[in-house]
Structure formats: C-alpha cells, structure tokens
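> Could you have a look at this structure, given as structure tokens, before my questions?
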Amino acid sequence: MIPVGDHMAALLGREVKMVKDWVEKGVGSINDGDLVLLENVRFNVGEKKNDDALAKKMAELCDVFVMDAFGTAHRAQASTHGVAKFAPVACAGPLLAGELDALGKALDNPARPMVAIVGGSKVSTKLTVLESLSKIVDQLIVGGGIANTFIAAQGHNVGKSLYEADLVDTAQKLTDDAQARGGDIPVPTDVVCAKEFAETAEATLKNVAEVTDDDMIFDIGPDSAAALADVLKNAGTIVWNGPVGVFEFDQFGEGTRAIALAIAESDAFSIAGGGDTLAAVDKYNIADKVSYISTGGGAFLEFLEGKQLPAVAILEERANNQ
Amino acid sequence: MSVIKMADLDLAGKRVLIRQDLNVPVKDGKVTSDKRIPAHHRTLHEGWCQSHGDVSSGSPRRRRVQRRVFHDPCR
C-alpha cells in the first residue's frame, strides 16, 4: 500500500493518509478534504465470500459508495457488491460508467463481420468465453496456449507445449460447431518453436505438422499471422483479448506484433482488453489506433459474453429502488 | 436499467468511499508502471470538483478503498 500511496500523493500533490486495519478500527479522525487510502480489500476476511457483516462495516464508513473498478465488476465480493447493498447511496464512478457506455455501444449492434481474438494460456479459464463468443462473432481466432489445444485437436503433435489434453475434445467440438454455423476457428499452419522457455531460447520456424516431442510452441508463424491479418483487415468489429505468443521475448513476439499492426491498420471498430493485451498494445505502440481500450480483463470478457456483471447489477437495483 | 453516476450527485460535505483497481507493479518500494493510477486520479479529481466547484477551495471528506497493490494473478 505504501508505494501506491506515495505515488498517488506525488501525482495529486496532496497528502494521502494510509490506514491499514480499517475494517476493525475504522479510519480514525478525518477532516474535510482528507484523502485516505485504505489497505487492500483483498486482505479482509469475508471479502471473497461477499460477507454481509464485512460489507456493512464498509458501508458504515461512507455517505456515498462509488464503484469505479470495472476490472472486478464481474465478481460479487464484499467491496464490489455487498457494500453497494448497504451504503446510503451507491453509484458508478466515471471509469466504470465510461466502460459500460463504450462497450455497450460497440456491442449493441456490432459492424459485421465481427472477429474475436482470444489468446492466453489455458482453454479451461476461458472456456465459457470461447463458447459464448463463438456464437456471437463471425470468426473466432485462438492464440497462445489455447491455440495449442486446438492444434492438438487437429491431430498434430504439440510436443512439450502448454496444452490441456482433457480439453482436446472440447476444442474439437467448438471448431465443429463454428463450422456448422458457417464460421471457423482456424489453427496456425506454421509455428515458432523452442526447446526451452527462456529469453535467450533459439526460435525455430516450423510447419505445424513438424513439431517434435521436445518442442514448445511459443508463437504463430508468418504465414499464419498473414492469414489472420487478412481476416482482421476485412473485419467490421474486432475484439482482442490475449496475445498469440510469448511476446515478452522478442523472438516469439512477431505473431502478436502482426496482429497488433493489423488491428491498428484495420478500419474496424476495435476493442482491446486484458492485462497482457494492454501490455502488447503498449509494446507495439498502437494505443491511439485502437478504437476502445478496456481496463477490464475478466470483466471485459464477461461483458462480451452478455453476462450481467454483479457489481453493476446491484447498482442498477439501487438506482431503481430509490 | 441504468445506474446512478457519481457525476450526477452532490458530494459536498459527503464521505465518499471509492472502490478502485490499484493493482500496479511495485519493485523496491516504487510503483514501476502507473497506467491505472492516473485514470483513478481523475475520479478523485472529479469528485473533488463536484463537491467544491473547484479543486483549490478546500475539499470534501473522501475515503478510498485501496484495491490491489500487486499484480493480480486472477486476471
């Protein structure tokens, strides 16, 4: 907490009081105008369980509760949901309101074709997202470890790559379903491999059918990237969450770079969200060419799925029952 | 359905509890990338202006819930 408080104080040019044990002891005496930074809500027992007793203690601290953390709006926890039930007034802060407005407008009636890129390490953590998005979008592109499971589903060896053997059938079904709807979930035709996960690892370009037992797939190859770039160029709406390779290491970053540049050059309305994705947006310097950048990762994806975000639902309920 | 927005409220003299996302990378006691913090500062700044008409003339009682200081592995 201290580094963040110091940083804030410097940016705001004001003193920032910091309070650690605020749930039990309260915040002490504060004067009009004081700015108090409270210790990480995640440290509180009952936070994750959305405990009512904890939420009430939080609510008692204030006249107005402002929910401004879009990134956690998909979680019903004491500080995102419970407190909003009990606070005298509960409202959305400008960041949250801005996200809801922008994403809602973009997805209400998206320009077609709509393309989603879902990267990241595991199918399991993004399975429902993949299932829902594959029904909404015209083309779903998978990347990273997720793509490896789809590559395995095509019957290819993925060597020592990160993949989930128990989800190969699921990946196959997603692809079959997409094709039945006239879409597709393409897998890379060429990949960049290495023998170890390291900054200095030597990158080798291979046809996807030539991956050997000791290979690890860390990126898509230039042919695959060019094919995806084509799809992106012709898209009406692009949703990007998750890099397609280990772009932190430059030798495995070309695929993600190609995707980023294609998004930047596309006339499509583009939305990017998620921590890794934003790091890629930064690294390849396309922030000003992406139509909308969301600060949410999981919340962003759940919004795309059309799910009701619990922290937003309670704010709506409170607004309705005024 | 819609929500109440902070911008629509009169915050003068109010105690405001703001839930923010402050999970920023920290190394050796310093924030190394502050992309999130300036965005949240605008919220503080706006709240401030809302309660006083301008930033310099005193200020409301404010409180914030600090969110996550370190990288959140769940995201």
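The values are calculated or read from the model by the stated rules, or taken from the named source; none is laboratory data. Remember, predicted model here, so these are calculated numbers, not experimental data. All Cβ positions, glycine included, derive from the backbone under ideal geometry; neighbour counts span all protein chains shown. Surface accessibility is based on the protein's heavy atoms, side chains included, excluding ligands, DNA and RNA. Shrake-Rupley method; radii C 1.70, N 1.55, O 1.52, S 1.80 Å.
> Which of (1) closer than 29 Å to A:F300 by Cβ; (2) more than 10 Å from every other protein chain (Cβ to nearest Cβ); (3) surrounded by fewer than 23 Cβ atoms within 10 Å (Cβ to Cβ) does A:E39 not meet, given it meets every other one?
Single failed check for A:E39: (2).
Every residue, every condition in (1) over 30 Å from A:D282 (Cα atoms); (2) in a helix (DSSP H, G or I), yes or no:
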| position | (1), (2) |
| --- | --- |
| A:A152 | yes, yes |
| A:S161 | no, no |
| A:D166 | yes, yes |
| A:L174 | yes, yes |
| A:P188 | no, no |
| A:A201 | no, no |
| A:L205 | no, no |
| A:L232 | no, yes |
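> Something else: Return the residues of region A:279-292 that are within 10 Å of chain B (Cβ to nearest Cβ) and surrounded by 16 or more Cβ atoms within 10 Å (Cβ to Cβ); say none if nothing qualifies.
Within region A:279-292, just A:A279 meets the criteria.
> Pairs please, first residue from region A:16-31 and modelled with pLDDT under 85, second anywhere and open to solvent by 70 Å² or more (accessible area, probe 1.4 Å), Cβ atoms under 9 Å, 6+ apart in sequence or on different chains.
Hits for this filter: A:I30/B:R61; A:N31/B:R61.
> Tell me, which residue of region A:99-123 that is at pLDDT 90 or above and closer than 22 Å to B:H40 by Cα is surrounded by the fewest Cβ atoms within 10 Å (Cβ to Cβ)?
A:L100
> A further question follows. If you check A:G273, A:G255, which single one turns out to be out of contact with any Asp or Glu (no Cβ under 7 Å at 6 or more places or on another chain) and within 24 Å of A:L162 (Cα to Cα)?
A:G273
> Residues being at the interface with chain B (Cβ under 7 Å from one of its Cβ atoms) and touching a residue at least 24 places away in the same chain (Cβ under 8 Å): count how many of those fall in region A:90-113.
Residues that pass the stated criteria total 5.
> Among residues belonging to region A:240-255 that are assigned to a helix (DSSP H, G or I) and in contact (Cβ under 8 Å) with a residue 40 or more places away in the chain, point out the one that is nearest to A:D223 (Cα to Cα).
Here the residue is A:G255.
> Just to be sure before I move on: is A:M67 touching a strand residue (DSSP E or B) at 6+ places or on another chain (Cβ under 9 Å) and either at the interface with chain B (Cβ under 7 Å from one of its Cβ atoms) or of a type in the set (K, R) (or both) in the structure I sent?
For A:M67, the condition - touching a strand residue (DSSP E or B) at 6+ places or on another chain (Cβ under 9 Å) and either at the interface with chain B (Cβ under 7 Å from one of its Cβ atoms) or of a type in the set (K, R) (or both) - is met.
> Checking the conditions here, which among A:G71, A:G13, A:G33 is at positive phi and either open to solvent by 10 Å² or more (accessible area, probe 1.4 Å) or touching an Asp or Glu at 6+ places or on another chain (Cβ under 6 Å) (or both)?
The conditions single out A:G13.
> Restricting the search to region A:45-61, which residues are surrounded by 23 or more Cβ atoms within 10 Å (Cβ to Cβ) and out of contact with any Phe, Trp or Tyr (no Cβ under 6 Å at 6 or more places or on another chain)?
Within region A:45-61, A:M58 is the sole residue that qualifies.
> Please work out which one of (1) more than 31 Å from the chain's Cα centre (by Cα); (2) within 9 Å of chain B (Cβ to nearest Cβ) is the condition A:G28 fails and give its number.
(2) is the only condition that A:G28 fails.
A quick yes/no check of all residues on (1) within 14 Å of another protein chain (Cβ to nearest Cβ); (2) open to solvent by 10 Å² or more (accessible area, probe 1.4 Å); (3) modelled with pLDDT under 90:
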residue	(1), (2), (3)
A:T125	yes, yes, yes
A:T128	no, yes, yes
A:S132	no, yes, yes
A:D177	no, yes, no
